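**Q** Quick one: this structure, given as structure tokens, is what I'll be asking you about.
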Amino acid sequence: MGFKKVAELVIQGVEDRLTVSSILIKNGYTVGPDKRKRTPTGKTLDYLLNVYEDDSGAKEG
């Protein structure tokens with residue numbers, strides 16, 4: 001079972017990330033949280049949702 005990254009969404013608000021995550025999960029995607037430095041000093045962060053799709057060809061039904 002392999003996963004292919006299909007999107008990287010930058011969403012700052014916690015509630016917004018939870019809402020988008022739940023919608024994507026209900027539609028069969030795998031979602032993982034992440035964060036990265038927005039500036040070289042690292043004082044500001046971007047909060048991300050990494051979206052993956054199962055690329056093994058097996059469909060749940």
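Throughout, read-outs are computed from the coordinates displayed, never taken from laboratory work. These numbers were taken from a predicted model, which means no experiment stands behind them. When we count neighbours, we look across all protein chains shown, and the Cβ atoms used for this are built from the backbone with ideal geometry, even at glycine.
**Q** Could you tell me which of the residues 30, 44 is surrounded by 11 or more Cβ atoms within 10 Å (Cβ to Cβ) and of a type in the set (Val, Ile, Thr)?
**A** Working: 44 fails: surrounded by 11 or more Cβ atoms within 10 Å (Cβ to Cβ).
Criteria check complete, one pass: 30.
**Q** I'd like to verify a number: residues in region 16-35 that are farther than 17 Å from residue 45 by Cβ and free of Cβ contacts under 8 Å to residues at least 24 places away in the same chain, how many?
**A** Step one: filter region 16-35 for residues farther than 17 Å from residue 45 by Cβ, giving 18-31.
With free of Cβ contacts under 8 Å to residues at least 24 places away in the same chain added as a condition, the list becomes 18-19, 22-23, 25-27, 31.
Number satisfying all stated conditions: 8.
**Q** Filter region 12-61 for residues that are part of a loop (DSSP other than H, G, I, E, B) and closer than 25 Å to residue 2 by Cβ and give the result.
**A** If the condition is that a residue be part of a loop (DSSP other than H, G, I, E, B) and closer than 25 Å to residue 2 by Cβ, then 27, 28, 29, 55, 56, 57, 58, 59, 60, 61 are the ones that fit.
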